[in-house]
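Below is one structure, written out as structure tokens, with a few remarks after it.
Derivation of every value follows stated rules applied to the coordinates shown; laboratory data play no part. Since the model is a prediction, treat every value here as computed from it, not as a measurement. So basically every Cβ, Gly included, is an ideal-geometry build from the backbone, and we count neighbours across all protein chains shown.
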């Protein structure tokens, strides 16, 4: 170390501060490594942000789909309830068959989603039947007796609960190669 004695001039600055002591260069990690690390971190953050955005959008789309399904299900429930009330308003077994046929025919024309209305006796046997005039008969390709089980189960459930009851849905093939998804309900407890 250079120390100046009293009365001597101070040593020159160039001897005190060498270039190596002012700005040391790290030879193991040059500065470009820091820039590369920064760019890599920025790309990772951008990828994470993009992933979160896509997840948010897909969850929003899923919520919209679920809201649409709930609205459709509610609309279908209301429509089926209205159809059930209309069928329940048909004349009962004590009314004349011609009056029942006339009102059922009018109902089938007004409500095209109804394809067939059956009037049954207390033994679950079909007393009267009316198919919609808008389409070919529902049971033209297969006999009605082959799809009888679901209807009888719905009638027995309606009898047991003392309220209308729906059957499970079942497929009825048509003569043209297509088909319809059908569902039966017992509209009058005790006399489906």
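Which of the peptides 124-134, 64-74 is most tightly packed, and how do the rest follow, judged by the mean count of other Cβ atoms within 10 Å per residue?
Working: 124-134: 14.0, 64-74: 10.0.
Result, highest mean first: 124-134, 64-74.
Where a ≥ b ≥ c are the square roots of the eigenvalues of the C-alpha gyration tensor, would you call the stretch 30-86 rounded, which needs a/c under 1.5, or, failing that, prolate if a/b is larger than b/c, or oblate?
Working: a/c = 15.26, a/b = 14.86, b/c = 1.03.
Prolate, because a/c is 1.5 or more and a/b exceeds b/c.
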- [ ] Starting from the Cα gyration tensor of the stretch 90-186, take the square roots of the eigenvalues, sort them a ≥ b ≥ c, and report rounded, prolate or oblate (rounded when a/c is under 1.5, otherwise prolate if a/b is larger than b/c, else oblate).
- [x] oblate
- [ ] Between residue 105 and residue 150, with labels modelled 7 Å along Cα→Cβ, what's the label distance in nm to one decimal, could you check?
- [x] 2.8 nm
